[in-house]
Amino acid sequence: MPDISPDRSGPEPAVASGDDPRHYARLLSAVYDAAMGGGRGPARPRTVISDSWGRARVAGVDPDAGAGDIGPVVTDLQARRQSSGLASILEHLVHGLDSVVADDNILVVADATGRVLWRNGANRVLHQADRLGFVEGADWAESAVGTNAIGTALASGRAVQVFSAEHYVRSHHSWTCAGAPILDPRTGAVLGVVDVSGPAETIHPTTVTLVDLVAQLATSRLRDAHHRSLDRLRAVAAPILARAAGPALAVDTEGWVAALDTVAPRERVTLPAGATPGRVRLAELGTCDLEPLPGGWLVRPVPDDRDPGSVRLSIDITDPGRPRVTVSGTAGRWTHDPSPRHAQILLLLARRTGGLRASDLSLELFGAADRTVTVRAEMSRLRKHIGGLIAAGPYRFVEGTEVVVVDQSANSRYQ
């Protein structure tokens, strides 16, 4: 029994150049019917497709109805977009695939779990996608809807094109899609998938190659952005390192080194999950003190018997129109000018030392408890500036942080 387009290295089109898509769709339909019915088909599906069918079957996906929750997740869609790491490259993805989308396809960006975050394209095709449940907020992982370019790209870790009856769910056989994973250049983890989808008759062999190229360019842009963030961290850390007594490093939240002094050169150190200021033991450096920096940490290797010191955060609202935050530690200090909203949040956290949930902050900031998506987005931005001094669940200053509020009347201290 022959294979249908045997797998090759690199992104592989579902239909080879020169093949008749209509004839191929009929062949795939016969292969699909045989596979679902346990019979012998006229050919074998591609390996990437047969592997995916197997995963969908194990997940309990019903080929006649689908399975899982594919409904929109309206309540947390904005928060998912904010936390995905993909928002900054969305414009580049749209621009890179304009020529493919045009009037016949739609562009879809999904997160690392397969949830659709954004769609863009012709209204005619968007309406067809609506009927399939292929909408913003929907779950398009293999465990929910079986074989498709988003879920299968996530599961296989490679660019893939899925055509007609290669989809596991019958109602998707009128569809074609090509998806490629976007990687986080800092960790190598998958951030999400960029996908081009449309009616089956719009299939083109070069689409999957172009989608894969755009995904790689997106990863490259994220790498450039990471380098710029290290440059910003390096500028903040340079005077602190110059004054530090003893060896020290400035690293970002993933442990990538921005600057170092009196430490053997290295690219990265392994930070503990959920790192907070204080003393930790790092595999590469032994006992170290962590002090927060905007966008990262100051790491100071120390003898085990040295006092770890403390971190002091001062919120100066003497001029309410120009609030200022100053963070001081054993090795030095740095300042940040927060927005009035962020200053308001910091003051609320300072006065409610037991912490505040997103709904609590929503009520304090907006007079209603249902603005939690906006609150989480604001907290995500704030925590990027204030380093590791704010914990979540509930939101609060981490233990051991001395918080001082400076206003026109007097200083107030919170521990």
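The values are calculated or read from the model by the stated rules, or taken from the named source; none is laboratory data. Just so you know, these numbers come straight off a predicted model, no measurement behind them. Counting neighbours? That spans all protein chains shown, and the Cβs are built from the backbone with ideal geometry, glycine included.
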query = How many of the residues making up the stretch 359-376 are in contact (Cβ under 8 Å) with a residue 40 or more places away in the chain and within 22 Å of residue 313 (Cα to Cα)?
reply = 1
query = Is it the case that the stretch 27-36 has a residue that's modelled with pLDDT of 90 or more, assigned by TED's automatic domain parsing to the domain that holds residue 150 and of a type in the set (D, E, K, R)?
reply = yes
note = A careful count of residues in the stretch 261-294 that are among the acidic types (Asp, Glu) and assigned to a strand (DSSP E or B) gives 3
task = Among the residues of the stretch 320-352, count how many are of a type in the set (Val, Ile, Thr), surrounded by fewer than 18 Cβ atoms within 10 Å (Cβ to Cβ) and either in contact with a strand residue (DSSP E or B) (Cβ under 6 Å, 6 or more places away or on another chain) or in a strand (DSSP E or B) (or both).
result = 2
Members of the stretch 78-101 found to be modelled with pLDDT under 90, small (Gly, Ala, Ser) and under 9 Å from the mean Cα position of the chain (by Cα), listed by number = 83
query = With respect to the numbered conditions (1) under 19 Å from residue 112 (Cα atoms); (2) in contact (Cβ under 8 Å) with a residue 60 or more places away in the chain; (3) in contact with a helix residue (DSSP H, G or I) (Cβ under 6 Å, 6 or more places away or on another chain); (4) part of a strand (DSSP E or B), which one is the sole condition not fulfilled by residue 155?
reply = (4)
remark   = Filtering the stretch 196-215 down to residues that are surrounded by 15 or more Cβ atoms within 10 Å (Cβ to Cβ) and polar (S, T, N, Q) yields 197, 202, 207, 209
task = Take residue 205 and decide whether it is in the same structural domain as residue 57 (by TED's automatic domain parsing) and without any contact (Cβ under 8 Å) to a residue 40 or more places away in the chain.
result = no
Residue match in the stretch 280-291 (condition: over 24 Å from residue 186 (Cα atoms), surrounded by fewer than 17 Cβ atoms within 10 Å (Cβ to Cβ) and in contact with an Asp or Glu (Cβ under 6 Å, 6 or more places away or on another chain)) = yes
query = If a residue has to be surrounded by fewer than 21 Cβ atoms within 10 Å (Cβ to Cβ) and hydrophobic (A, V, I, L, M, F, W, C) to count, how many in the stretch 245-255 make the cut?
reply = 1
inquiry  = Among the residues in the stretch 189-198, are any of a type in the set (S, T, N, Q), touching a helix residue (DSSP H, G or I) at 6+ places or on another chain (Cβ under 9 Å) and assigned to a loop (DSSP other than H, G, I, E, B)?
reply    = no
ask   = Just one of 52, 29, 88 is under 29 Å from residue 214 (Cα atoms), surrounded by fewer than 18 Cβ atoms within 10 Å (Cβ to Cβ), among the small types (Gly, Ala, Ser) and in contact (Cβ under 8 Å) with a residue 24 or more places away in the chain; which is it?
value = 88
request  = Evaluate the following for residue 165: is it within 20 Å of residue 218 (Cβ to Cβ), touching a residue at least 40 places away in the same chain (Cβ under 8 Å) and crowded, with 23+ Cβ neighbours inside 10 Å?
outcome  = no
